[in-house]
Amino acid sequence: MNLLVESGATKSSWLLFDQQKVIDKQVHSGINPTSNPHSIRTVYDFSYGTADQIEEVYYYGAGISSPESKNAIEQVFTDKFGPLKLHCNNDILAASRAVSDSQESIVSILGTGANSVLYDGNEITIAPRSLGYMISEYGSGCHIGRVLIQKYLHHQMSEGDTNLFTQLYIEGQGDLVNRIYASERPNYFMASFTKFLLESSVTLREEVLDEVFEAFFRKQIPVLENIAQYSFNFVGSVAKAFEKELRRKAAELNYEIDTVCGDPLDRLLAYHQKRIE
């Protein structure tokens, strides 16, 4: 019996599985040892009657960006389960294995943040350093939220969109700028505005998404080499919610998109199930 853990900052999914089936599924709080070190204690929330039968653990998570963060995860699993075979990897490898198994492609996560790598079908071969939401992460939910806030504060929205934005996010909630800078996690706060595009005018939605996806393909991706020869695969809530606009911008720039997947968990499970001997 094996355990697959796929975690973002908000939630973590835990699957006990064998070659044929899922034995148990649990959802717990998110884990990010870099931005929220205390969150690693979520590992202790997992409980199963025959946990001592777990042979291997495959952990994929946000914030696995340094030896220190990886060691923190490995230590808490050892404390919880005792000695076991643990594979600890970051979330972009989970995305790659989920949507690009045996395929060479550029794999990107577009969610609250953004990350892109070159995957050879087995391993990540080029992984540019993530510069975070303050410097890059073009095409992310944070980027979309930032553009929406700019348009609102610079009076670049239509009257209808301005009134709706005011009603949803301004009235009775205090000064918006102060709320952004006072937030413990400004990137998550700004990304929360992405859902406004589901209610805004079509004109604003297309204008904002055209801008952020143009920036993604022109600024986020060119750090990878010879990108024109590869297809693209995407994982993440933003990529899935705005798949039509993402594909349209890619086609406009002569890029090919294969798979767009909102949640990689089922595909990641299939990846590991077919490798059980």
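Quick notes on this one:
- Cleavage-rule hits (trypsin sites (Lys or Arg not before Pro)) in the stretch 1-47: DSSP loop, at most 11 neighbouring Cβ within 10 angstrom: K21
- Between the residues Y181, L224, Q75, the greatest Cα displacement towards the positive end of the dipole of the chain, with unit charges on the Cβ of Lys, Arg, Asp and Glu, is found for Y181.
- Contour excess over end-to-end distance, with Cα ends at E225 and S47 and 0.36 nm allotted per residue: 59.6 nm
- The stretch 184-198 and the stretch 10-41 have Cα centres spaced 24 Å apart.
- Helical content alone sets the calculated 222 nm signal of the chain at -10500 deg cm²/dmol, taking -39,500 (n - 2.57) per DSSP H segment of four or more residues and averaging over every residue.
- Semi-axis lengths, Å, the stretch 85-143, gyration tensor of Cα atoms, sqrt of 5 times eigenvalues: 21, 13, 10
- About its Cα centre, the stretch 1-130 has a charge dipole of approximately 340 debye under the convention of +1 per Lys or Arg Cβ and -1 per Asp or Glu Cβ, with nothing else charged.
- Relative contact order computed over the chain (Cα-Cα under 8 Å; 6+ residues apart), in percent: 17 percent
- Coordinate range along principal axes, alpha carbons of the chain, Å, largest first: 61, 47, 32
- The stretch 230-264 and the stretch 96-167 have Cα centres lying 11 Å from one another.
- Net charge dipole, the chain: roughly 220 debye, given to the nearest 20, about the Cα centre with Cβ charges of +1 for Lys and Arg and -1 for Asp and Glu.
- Sorted largest first, extent of the stretch 160-250 alpha carbons per principal axis (Å): 51, 30, 19
- Rh (Kirkwood; distinct C-alpha pairs) - the stretch 101-263, Å: 16.5 Å
- Above-threshold pairs, the threshold being 27 Å between Cα atoms, out of K21/K85; K151/K249; K11/K249: K11/K249
Coordinate-derived values only; no laboratory data. Given the structure is predicted, the values throughout are model-derived calculations rather than measurements. Here Cβ is always computed from backbone atoms with ideal geometry, including for glycine, and neighbour counts include all displayed protein chains.
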